[in-house]
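Quick notes on the structure that follows.
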Amino acid sequence: MSDYFACRYKVAINQGLVSGQKAVPAENLDYEVEYRGRAIAMVLEKYPAFKKTDRLELAIGPHQKQESVVGQIVLTVDNLQCHLDGLEVLKKTPRSRSTYAPILCAKFLATPSKHEKRRLAFSAILIEKLLGSLPTIGRIVHGDTFKFTKVHLKKEIQEVSDAIQGIQAIDRSVDCQSYFRLNRHCTECQYSVFCKEKARRIDHLSLIGGIGEKEIKDLNAKGIFTVTQLAHTFRPRRTASNNTTVKHNHALRAKAILDDKIYVVQCGMLPTAKAYVYLDVEGMPDLDFYYLVGLVVVTNGKKQYHQFWADTWHDQEQVWSAFLGVIRSLDEFVLFHYGKYDSQYLSEMERRYGCESTTSEQLRKSAMNVLSLIYGKIYFPTYSNTLKEIAAFTEFKWTEAKASGQQSIIWRKRWELTHKDEDKEVLLQYNRDDCTALEKVVSVLHGIGNQDEGSLSKVTSVEEIKLTSTYKFGTTDYCVPEFDYINKCAYFDYQRNKISLSRESRNRIFKAVRHQRQRRTYRVNKTVVLRPPTRCISCGSDSLYKHGRYKKTVLDLKFSTFGVRRHVVRYVATRMRCRSCKKVFLSDMFLKIRSRYGHDFSSWVIYQHVAMRQSLKKVAEVLDGLFGYSVSMGSLAHIKRAMANKYASTYQLLVRRIKNGDLVHVDETAVSIKGNKAYIWVFTNHDEVVYFYSDSREGQLLKDVLHKFKGVLISDFYSAYDSIDCRQQKCLIHL
């Protein structure tokens, strides 16, 4: 049952639906058997009502168990089977049905885990089928002190009931390969070697550490099933200059694996100091017990190893004191560690046992998590960012090939049972290897940051990646090299036979096309002949005569109920000359036509640019495509400025109405303009809305806009709003 929640593919293997698998026996069975024996002995000693049984098998009865027992108990119902370490009778009366509580020994866990609770819930379901009563509570023996804890099973029973149906669905499933994927359970599974070999053989996406099941399904829906396919989907994304969030890119990791290169997104210089300290802590996470602290101190090229061992929980204070003694002996140092477990050790020990303020401050400033320098910034050609994989890439090898954090817990528990020196030495060597591996990884990061030539053979910046187009065929790889030469010769013949133009002819054609575009003419829809002046604008004489004819063409749009169409208007004016003063002049109406573009045309451009959020380049393309107008970017920018100047008075009118109103809502938001951070302020009431641009978030803009405002200001809790001398109300959403 526990396998269903951990890995459904493992359920299929155990049911015989997958062939060819090879199981590797677990190494933690010896201390589990020893712990179970001690736990059972404790129960018998503390609770005399329990009886010991070597093996008790319960199958379909019906019958009732009338006494509490501990030992090996097997529950079997149809094709379901469960193993328990005890069964307690909670209520036993002649007239009522007995109720039971299943018992499990949970190894060395400080608190009962979800896994043990589900095992108890599964046994409760079988007990109901066998003995006719559904247990709602269970007992778990756990921890070094063999604590006897009661747990409630109502929630877990529902989960397990659904899981039983899921297991039956797997049994009826035709294709069990859809369940195949690597996950966290692989570190303690007996089929891990078989599954990892299969995953590498088929290049499965779950090889990449940190990729979730949902993301794998999304990629499968896009037709991406392998790491190689995922690598070809990588496309670099431009990040904003003010964006400090670093995200991990699975596609870039896949590309690093495919190309066997180190890809650098962001890399800084590592700090330098007189001494470099490499820290690694071994512990029991479930017990908050840190039993081994290892240090490698490198000073002037000389290396020193320090290891501090704790036999029991109470020895941790001595280990902490010894660690601080080494730290105090160093003047200037950088403390490297890998992952958050070591930093948790530093903060937890300081909380428990204390530390001088100077030493504590020095530790905080000098501690550097190497994983944070790698995650999302440097992509090694490894499937994950674990220290073991990255150090293995640098050709470092652990003394024990199967060494891991999970394995170290097994070694520690074995030592606690045997207290043999060889078992302790295995842990000490593993700790030394971790410190040395960390030193190796840091040296590689030093080389990347300093751009050492010896470290750059496989290092490439993401900006230097040359991407192939997804819409073109790739370069053809010929089995015979001569075919490539033949193909190039054939292509040369093809080019030679094509009709081509010389450079001079081509330039003439381009110039003609460019000149033609500039001289584009439009069919005139309406001609307006302006009435000429009847008196001289200078002397007032009416003795005038015609002195030429002028035309202006205005490109405009005409709006109707059902659409918009192009509308070109030509204005014709007669230039007049005064016989008295010889003054030459035109009609005032003709002189007022300064722009080549009409008001409706300009209004449509501003609407598309502001309301529809289209760039001026896109607006120009739409004008050409829909209306046949060829408008330059400079002309559109001029229209933008002209319309802003035209409606400046309207803008100021809206500002005055807001200032003279009874209330105003104010808020600001940050924007990025050409990589620089700026702010847009909005002022609104029930009728008007006004926007202001500001380079900063300072409150001076508020004082200028709301000077002498006597209404109610509604805002959030930004302190700049408090500087306005008026009645204020905080937005209800922010309360």
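The values are calculated or read from the model by the stated rules, or taken from the named source; none is laboratory data. Computed from a predicted model, the values in this text were never measured in an experiment. Virtual Cβ from ideal backbone geometry, glycine too; neighbours counted across all protein chains shown.
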Handout entry: Subset of segment 136-176 [part of a helix (DSSP H, G or I), without any contact (Cβ under 8 Å) to a residue 12 or more places away in the chain and either more than 35 Å from the chain's Cα centre (by Cα) or outside the structural domain of Gln15 (by TED's automatic domain parsing) (or both)]
Key = Gln168, Arg172
Exercise for the section: For segment 644-667, state whether one or more residues are under 34 Å from the mean Cα position of the chain (by Cα) and either on the phi > 0 side of the Ramachandran plot or not small (Gly, Ala, Ser) (or both). Expected result: yes
Completion exercise
Gln406 vs (1) closer than 19 Å to Pro285 by Cα; (2) crowded, with 17+ Cβ neighbours inside 10 Å; (3) not acidic (Asp, Glu): all pass except (2)
Fill in the blank from the handout: Turns out the helices (runs of 4 or more DSSP H) fully within segment 371-453 with at least 1 residues that are farther than 30 Å from Ala106 by Cα, in contact (Cβ under 8 Å) with a residue 40 or more places away in the chain and in the same structural domain as Met284 (by TED's automatic domain parsing) are 387-393, 421-450
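How many of the residues making up segment 574-586 are touching a residue at least 12 places away in the same chain (Cβ under 8 Å) and farther than 12 Å from Arg531 by Cβ? Let's see the steps before the verdict.
Initially, segment 574-586 is screened for residues touching a residue at least 12 places away in the same chain (Cβ under 8 Å), giving 574-581, 583-586.
Among the residues that remain, those that are also farther than 12 Å from Arg531 by Cβ are: 575, 577-581, 583-585.
So the count comes out to 9.
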Practice task
For segment 40-60, indicate whether the set of residues that are polar (S, T, N, Q), modelled with pLDDT of 80 or more and assigned to a strand (DSSP E or B) is non-empty.
Solution key: no
Exercise for the section: Determine which member of the set Gly283, Gly294 is touching a His at 6+ places or on another chain (Cβ under 8 Å) and farther than 19 Å from Gly447 by Cβ. Expected result: Gly294
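Quick one: how many residues across segment 178-218 are among the polar types (S, T, N, Q) and without any contact (Cβ under 8 Å) to a residue 40 or more places away in the chain?
The total comes to 2.
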Practice task
Answer yes or no as to whether Tyr379 is of a type outside the set (A, V, I, L, M, F, W, C), modelled with pLDDT of 90 or more and closer than 22 Å to Gln429 by Cα.
Solution key: no
Exercise for the section: Please go through segment 680-700 and pick out each residue that is surrounded by 12 or more Cβ atoms within 10 Å (Cβ to Cβ) and outside any strand (DSSP E or B). Expected result: Asn685, Glu688, Arg697, Gly699
Practice task
Select, from Lys618, Lys703, Lys640, Lys677, the only residue that is of a type outside the set (A, V, I, L, M, F, W, C), farther than 30 Å from Ile593 by Cβ and assigned to a helix (DSSP H, G or I).
Solution key: Lys703
Fill in the blank from the handout: When restricted to Tyr629, Tyr571, Tyr550, the only residue surrounded by 12 or more Cβ atoms within 10 Å (Cβ to Cβ), touching a residue at least 60 places away in the same chain (Cβ under 8 Å), within 20 Å of Tyr522 (Cα to Cα) and among the hydroxyl-bearing types (Ser, Thr, Tyr) is Tyr629
Fill in the blank from the handout: Of Met284, Met269, the only residue that is hydrophobic (A, V, I, L, M, F, W, C), surrounded by 14 or more Cβ atoms within 10 Å (Cβ to Cβ) and within 30 Å of Arg432 (Cα to Cα) is Met284
Handout entry: Positions within segment 705-723 being loosely packed, with under 14 Cβ neighbours inside 10 Å and either touching a His at 6+ places or on another chain (Cβ under 8 Å) or farther than 25 Å from Leu653 by Cα (or both), in sequence order
Key = Asp716, Phe717, Ser719, Asp722
Problem - segment 546-567, residues that are touching a strand residue (DSSP E or B) at 6+ places or on another chain (Cβ under 6 Å) and of a type outside the set (Lys, Arg) - result: His547, Gly548, Tyr550, Thr553, Val554, Leu555, Asp556, Leu557, Val564, His567
Exercise for the section: Would you mind stating whether Val326 is assigned to a helix (DSSP H, G or I), among the β-branched types (Val, Ile, Thr), in the same structural domain as Glu282 (by TED's automatic domain parsing) and surrounded by 15 or more Cβ atoms within 10 Å (Cβ to Cβ)? Expected result: yes
Practice task
Considering every residue within segment 461-472, establish whether at least one is at pLDDT below 85, of a type in the set (D, E, K, R), over 36 Å from the mean Cα position of the chain (by Cα) and not assigned by TED's automatic domain parsing to the domain that holds Met368.
Solution key: no
Handout entry: Among (1) at pLDDT below 80; (2) within 51 Å of the chain's Cα centre (by Cα); (3) not acidic (Asp, Glu) - the single one His63 does not satisfy
Key = (2)
Completion exercise
In segment 644-674, anything of a type in the set (Gly, Ala, Ser) and assigned to a helix (DSSP H, G or I) is listed as Ala644, Ala648, Ser649
Fill in the blank from the handout: Note on segment 519-547: residues exposed (fewer than 13 other Cβ atoms within 10 Å of the Cβ), outside any strand (DSSP E or B) and basic (Lys, Arg) are Arg519, Arg520, Arg523, Arg531
Problem - Search result, residues across segment 278-295 that are hydrophobic (A, V, I, L, M, F, W, C) and touching an Asp or Glu at 6+ places or on another chain (Cβ under 6 Å) - result: Leu279, Val281, Leu292
Handout entry: Filtered residues of segment 706-735 (kept if outside any loop (DSSP other than H, G, I, E, B) and hydroxyl-bearing (Ser, Thr, Tyr))
Key = Ser715, Ser719, Tyr721, Ser723
Handout entry: Residue check, Thr358 polar (S, T, N, Q), surrounded by fewer than 14 Cβ atoms within 10 Å (Cβ to Cβ) and not in a loop (DSSP other than H, G, I, E, B)
Key = yes
